[in-house]
1. Name, by its number, the condition in (1) exposed (fewer than 10 other Cβ atoms within 10 Å of the Cβ); (2) outside any helix (DSSP H, G or I); (3) modelled with pLDDT under 55 that does not hold for GLN52.
2. Step by step: first the residues of the stretch 92-107, then only those that are touching a Gly at 6+ places or on another chain (Cβ under 9 Å) and crowded, with 17+ Cβ neighbours inside 10 Å, then the one that is farthest from SER64 (Cα to Cα). Which residue is that?
3. Taking LEU131, is it surrounded by 14 or more Cβ atoms within 10 Å (Cβ to Cβ), modelled with pLDDT of 95 or more and under 25 Å from ARG59 (Cβ atoms)?
4. Would you call GLU79 at pLDDT 95 or above, assigned to a loop (DSSP other than H, G, I, E, B) and closer than 26 Å to ASP129 by Cα?
5. Check the stretch 56-67 and report whether any residue there is farther than 14 Å from VAL126 by Cβ, surrounded by 11 or more Cβ atoms within 10 Å (Cβ to Cβ) and out of contact with any strand residue (DSSP E or B) (no Cβ under 6 Å at 6 or more places or on another chain).
6. Out of (1) more than 15 Å from the chain's Cα centre (by Cα); (2) part of a loop (DSSP other than H, G, I, E, B), what's the single condition that is false for GLY120?
Amino acid sequence: MKFLFGTIAFVLCINTFNFKTSAMSKTDVPLSSELVKDSVLRHVVLLKFKAQTSEEDIRIVQKSFVDLKSKIPQIVSLEWGVNNSPEGLDKGYTHCFFLTFNSTEDRDSYLPNPHHKAFGEVLEPVLEDVLVVDYWTH
C-alpha cells in the first residue's frame with residue numbers, strides 16, 4: 001500500500017513538474033509585430049516645458065489636452081498625470097498624456113484633426129520638448 005501511494009505521489013510530482021516546465025517553455029509574450037485579439041492602440045505623449053513656463057500656462061495646456069477627449073470622438077480614453085518618480089530618470093519630462101484608440105485609422109484621423117492642431121498652437125509657445133510613443137497592447 002505504501003508503494004502504491006508513493007508511486008502515485010511520484011507520478012503526480014512528475015506530471016506537475018512537466019506541466020510547469022512545458023508552460024514555462026511556451027511564451028505568452030507575442031512578437032512586437034503581432035496583434036492580439038482585443039488589443040488597442042496607445043498613444044503616449046510626454047511633455048517637457050520651458051523653464052520659464054508659468055503654472056497657469058501649464059494648467060491651460062493640461063486643460064486643452066484633456067478637452068480633446070470631448071472634441072475628438074476617435075479618442076476612446078484619455079488619462080494624464082504629472083511625473084512623481086523618485087528615480088530621477090525623467091530627463092525633464094514632467095507630464096504624461098495617455099490616449100487610447102481602437103484602430104490605426106482612428107489615431108491617424110486624430111493627428112491632423114483641427115482640434116488637435118489648435119491644441120498644438122496652445123502648447124507650442126511653452127514646449128521645450130515632446131516624446132511620443134505609440135504601441136499596440138498585448
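1. The single condition GLN52 does not satisfy is (3).
2. Out of the qualifying residues, it is HIS95.
3. It is false that LEU131 is surrounded by 14 or more Cβ atoms within 10 Å (Cβ to Cβ), modelled with pLDDT of 95 or more and under 25 Å from ARG59 (Cβ atoms).
4. Working: at pLDDT 95 or above: yes; assigned to a loop (DSSP other than H, G, I, E, B): no; closer than 26 Å to ASP129 by Cα: yes.
Criteria not met by GLU79.
5. Here is the first cut: in the stretch 56-67, the ones farther than 14 Å from VAL126 by Cβ are 66-67.
Next, from what is left, pick out any that are surrounded by 11 or more Cβ atoms within 10 Å (Cβ to Cβ): 66-67.
Still in the list and also out of contact with any strand residue (DSSP E or B) (no Cβ under 6 Å at 6 or more places or on another chain): 66-67.
Yes: the stretch 56-67 contains one or more residues that are farther than 14 Å from VAL126 by Cβ, surrounded by 11 or more Cβ atoms within 10 Å (Cβ to Cβ) and out of contact with any strand residue (DSSP E or B) (no Cβ under 6 Å at 6 or more places or on another chain).
6. In the conditions (1) more than 15 Å from the chain's Cα centre (by Cα); (2) part of a loop (DSSP other than H, G, I, E, B), GLY120 misses (2) alone.
The values are calculated or read from the model by the stated rules, or taken from the named source; none is laboratory data. Fair warning: this is a prediction, and the values are worked out from it, not measured in the lab. When we count neighbours, we look across all protein chains shown, and the Cβ atoms used for this are built from the backbone with ideal geometry, even at glycine.
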